[in-house]
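Comments concern the structure below.
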Amino acid sequence: IFCFQNWFHEISNAKKIDHDPLILIKQKMKTKFTIRFFILFSLVAFCVKAQTITVIFHVIHGSQPVGTYPNLSQAQINSEIPVLNDDYAGIGFNTGMYPSNAFTTWATNTFIASSSIDGLGRIGIANTGITFKLATTDSLGNILAEPGIERINYISKGWSNPASFSSFSTFASYMDGTIKPATTWNCSNYLNIWVSDASGAVGVLGYTPFPPSTTLPGITVVSSRTTDGCWIYAKCVGSFNTCPSGTYAAPYMYGRIVTHEIGHHFGLLHLNSCTSTDYCNDTPPMGTMLGTPTCTSSSYPINVGSCTGSVSTTPDGEMLMNFMSYSDDCAMYMFTQDQTNRITIAFANSPYLNKLGIFSTGIKESNSTNFNLYPNPTNGKFFLVTNGKKATLEVTNLVGEIVSKKDITEQKTEIYLSDQSPGIYFVKIFNGNSVVIKKLIKE
């Protein structure tokens, strides 16, 4: 989903836009469906699984030395991981500002599950159970010189400067059509985050397609295996709190744009408006979607009366402290329980997410002598010689797509990849409880 924020306080003093012009959810709340989804959320609230996500930052630069914008320093990139871990655990920067009476009236007057309410009667700050770590190996199993970082020089690749595009549509087309397909790592193993400079005319600080096949309502613009992941404006990566030497776009200098975009990657929508829903019962409606809360005090309530009638924001105002709102970094510090439940459903169903937290950080080639591939490299036809035992063979490309699969019953089997592009493939042989992986090069 596209996340429009105030584009660079350092460039313009313009006010934030009144609403997201590309907001994708324009459906009115439907009572029966909302209740039905609430029941589903209540059921999953007790089965949230801990997930550890392996992250790879693809840093796109134009030959600048490491540490010179946009070729961000390792320290600035590393500082994003503690932000994510704290934010998704519900203990992030400024959670102590959460008012003691936050949304208590709204929670009392609305059909809210007790699992969403804390001991003070407030909408509780949720712990999603998700943690993040930097990748230590690449997709071939090689140890990374800088954990979690792949530096990509667009000049040596013959690509355009990402900052040369003057509209969101042309920029996104370039990222999704050129950079992402050529640099993505297997999205079942890694959370891909692309980091680059961008022109202010593009008008976004980040954008992320939704994961496919989540079964969640409200999902549009889903990713493919070559576009899955987040793009983040480079000055919004990392935290000034722990890496003050970094290059940031105030007030987006505490890593919360990444938190927000990963929320979309996990299936979360922007918060309810007065006439649409994010399918989370414990997030109050927002009439403005924006605000300028103070980052040194609770600033509560905010935008009271922005919605009226059955979805009133009186007297508790809007939940601008929610990560899926459009607040400044220092003012966002919470997910809710229903948002956590929605994430859980996405992980259970999406083929890109349901293995993300359990796969290893890389693919290592096996040295088994029970299986042999030749010729390797191949021009499209190769032979697999086995020990004669029955097995199943899968051939996958670098982004994890299965391009060939068959049962092996003979000692020597012929396999064709004539319709596949030249490149690196992985041949996986499943034999009982063991898996052997061989790297194959097609010329």
Mean separation of Cα contacts under 8 Å (at least 6 apart) over the residue count of segment 163-281, i.e. the relative contact order in percent, is 25 percent
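I need to check one value: relative contact order of segment 258-338, counting alpha carbon pairs closer than 8 Å and at least 6 residues apart, in percent.
The value is 28 percent.
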Using the Karplus curve 6.51 cos²θ - 1.76 cosθ + 1.60 with θ = phi - 60°, what ³J(HN,Hα) values do you get for each residue of segment 374-381, in whole Hz, with x for Gly and Pro? 7, x, 8, x, 10, 8, x, 10
Of the residues GLY388, TYR374, ILE408, the Cα lying farthest along the dipole of segment 370-413 towards its positive end, which is defined by charges on the beta carbon of Lys, Arg, Asp and Glu, belongs to GLY388
Considering only DSSP beta bridges whose two residues both sit in segment 132-265, what percent are antiparallel, to the nearest 5? 50 percent
Semi-axes (Å, rounded, descending) of the ellipsoid equivalent to segment 138-274 per its C-alpha gyration tensor are 22, 20, 18
Run through all the Cα pairs of segment 88-172 and give the fraction in each 10 Å bin from 0, expressed as whole percent. 13, 22, 19, 20, 21, 6
Show me, for segment 161-178, the HN-Hα J-couplings you get by feeding each phi into the Karplus relation (A = 6.51, B = -1.76, C = 1.60, θ = phi - 60°), rounded to Hz, glycine and proline as x. 5, x, 7, 8, 8, 10, 8, 5, 4, 6, 5, 5, 4, 5, 5, 6, x, 10
Out of every Cα-Cα pair in segment 141-202, what percent are more than 16 Å apart? 50 percent
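Go through segment 88-180 and name the chymotrypsin sites (Phe, Trp or Tyr not before Pro) that are in a DSSP coil and have 11 or fewer other Cβ atoms within 10 Å of their Cβ. Each step should come with its number before you reach the end.
Numbers: sites: TYR88, PHE93, PHE103, TRP106, PHE111, PHE132, TYR154, TRP159, PHE165, PHE168, PHE171, TYR174; in loops: PHE93, PHE103, PHE111, TYR154, TRP159, PHE165.
Sites meeting the loop and neighbour criteria: PHE111.
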What is the set of long-range amide H partners of THR137 at a cut-off below 5 Å, with H atoms built 1.01 Å from backbone N? LEU144
So for segment 53-94, considering every pair of alpha-carbon atoms, how many percent are separated by more than 14 Å? 55 percent
If neighbour count is taken as other Cβ atoms inside 10 Å, put ILE152, ILE81, ILE232, ILE56 in order from fewest to most. ILE152, ILE81, ILE56, ILE232
Everything considered on the Cα gyration tensor (a ≥ b ≥ c; rounded for a/c under 1.5, else prolate if a/b is larger than b/c, else oblate), segment 230-307 must be described as oblate
What is the set of long-range amide H partners of ILE302 at a cut-off below 5 Å, with H atoms built 1.01 Å from backbone N? GLU318
Could you run the Karplus curve 6.51 cos²θ - 1.76 cosθ + 1.60 with θ = phi - 60° over segment 102-115 and give me ³J(HN,Hα) per residue in whole Hz, x for Gly and Pro? 4, 6, 5, 5, 4, 5, 5, 8, 10, 6, 10, 5, 4, 5
Over the alpha-carbon set of segment 60-122, work out the extent along each principal axis and list the three values in angstrom, largest first. 57, 19, 17
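A short reminder: the numbers here are calculations on the coordinates, not readings from a lab. Source: prediction; values computed, not measured. With ideal geometry, Cβ positions are generated from the backbone for all residues, glycine too; neighbour counts draw on all protein chains shown.
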